[in-house]
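K.L.:
Structure in structure tokens, see below.
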Amino acid sequence: SHPCSGFLALRLHVAAESGKVQSVTFLADTLVPLPSVGLDVALVRSAVQEELSAWLGDCQFPGAMEDTVITVPVVFE
């Protein structure tokens, strides 16, 4: 868990045949650390993006006729 709040939007590109995530692209990021923890904004954003990239990059979806793009909004409160 990361001590932050804000909004993060990302896009997953999923390969048609395998259903594997080919890439994770971050579209928007307003994450800021909670005032009580005093962490650097860039450090928090980087840590959250790395964790989400690793977690979502390991996902596998059912195969499809063509590549799929999924946009995921994430809210941290």
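The values are calculated or read from the model by the stated rules, or taken from the named source; none is laboratory data. As the structure is a prediction and not an experimental result, all values here were calculated from the model. Every residue, glycine as well, gets a Cβ built from its backbone with ideal geometry; the counts of neighbours run over all protein chains shown. Surface accessibility is based on the protein's heavy atoms, side chains included, excluding ligands, DNA and RNA. Shrake-Rupley method; radii C 1.70, N 1.55, O 1.52, S 1.80 Å.
K.L.:
What pairs come out if I take residues in the range 4-21 that are free of Cβ contacts under 8 Å to residues at least 60 places away in the same chain and pair them with residues that are among the small types (Gly, Ala, Ser) and open to solvent by 10 Å² or more (accessible area, probe 1.4 Å) whose C-beta lies under 7 Å away, six or more apart or interchain?
P.N.:
13/23; 16/63; 16/64; 17/63; 18/63; 19/63; 21/57
K.L.:
If you check every pair at least six apart or on different chains, which have Cβ atoms under 8 Å apart with a residue in the range 31-49 that is under 23 Å from residue 72 (Cα atoms) and without any contact (Cβ under 8 Å) to a residue 60 or more places away in the chain first and a residue that is open to solvent by less than 50 Å² (accessible area, probe 1.4 Å) and assigned to a helix (DSSP H, G or I) second?
P.N.:
31/44; 31/48; 32/44; 33/44
K.L.:
Which condition breaks for residue 29 when tested against (1) surrounded by fewer than 12 Cβ atoms within 10 Å (Cβ to Cβ); (2) charged (D, E, K, R); (3) under 27 Å from residue 69 (Cα atoms)?
P.N.:
The number of the failed condition is (1).
For every residue, the table says whether it meets (1) within 30 Å of residue 65 (Cα to Cα); (2) open to solvent by 70 Å² or more (accessible area, probe 1.4 Å); (3) not in a loop (DSSP other than H, G, I, E, B).
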site: 7; (1), (2), (3): no, yes, yes
site: 16; (1), (2), (3): yes, no, no
site: 22; (1), (2), (3): yes, yes, yes
site: 25; (1), (2), (3): yes, no, yes
site: 35; (1), (2), (3): no, yes, no
site: 39; (1), (2), (3): no, yes, no
site: 42; (1), (2), (3): no, no, yes
site: 47; (1), (2), (3): no, no, yes
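K.L.:
Considering only the range 31-40, state which residues are aliphatic (A, V, I, L, M) and at pLDDT below 90. Break it down into steps so the answer makes sense when it comes.
P.N.:
Of all residues in the range 31-40, those aliphatic (A, V, I, L, M) come to 31-32, 34, 37, 39.
Selection gives 34, 37, 39.
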